[in-house]
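Structure record follows, encoded as structure tokens.
The values are calculated or read from the model by the stated rules, or taken from the named source; none is laboratory data. Every value quoted in this text rests on a predicted model; they were computed, and no experiment measured them. When we count neighbours, we look across all protein chains shown, and the Cβ atoms used for this are built from the backbone with ideal geometry, even at glycine.
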Amino acid sequence: MLKNHSTRVVSEVVKQLRDLRKKKGLSHEALAEKAGVSRPAVSHIESGKRKPSLVVTVKLCDALEVDLSEILREVEKHYPLPAKPQLEAAVEK
């Protein structure tokens with residue numbers, strides 16, 4: 001259950017970053033340059049071909065001038081963590 005949850009959370013974080021990039025009028029290339037990552041990396045992340053590492057996610061957030069915590073709070077509204085008993089049961093498996 002947590003694997004599906006984490007996959008959905010990562011996908012939603014990427015969607016939020018893509019939407020913010022577009023809102024700011026940045027191309028893949030411009031965002032990549034600001035973030036210090038390659039243009040193909042940005043493209044592959046946004047298309048779902050690649051999941052971003054935490055380091056890359058933070059770089060993208062910095063380049064977009066947004067705190068990762070803000071994005072995670074927004075994502076959590078749509079995909080809250082399972083209740084604690086479920087979380088403990090999942091960790092025990």
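Kindly evaluate S6 against the criterion of being surrounded by 12 or more Cβ atoms within 10 Å (Cβ to Cβ), hydroxyl-bearing (S, T, Y), at pLDDT below 95 and out of contact with any His (no Cβ under 9 Å at 6 or more places or on another chain).
Judged against the criteria, S6 is a match.
Would you call V75 modelled with pLDDT under 95, surrounded by 15 or more Cβ atoms within 10 Å (Cβ to Cβ) and part of a helix (DSSP H, G or I)?
yes
The conditions are (1) under 18 Å from I71 (Cβ atoms); (2) surrounded by fewer than 15 Cβ atoms within 10 Å (Cβ to Cβ); (3) not acidic (D, E), and V56 fails exactly one of them. Which is it?
Single failed check for V56: (2).
Just give me the residues in region 16-67 being under 17 Å from S6 (Cα atoms) and touching a residue at least 24 places away in the same chain (Cβ under 8 Å), in sequence order.
Q16, L17, I45, E46, G48, K51, P52, T57
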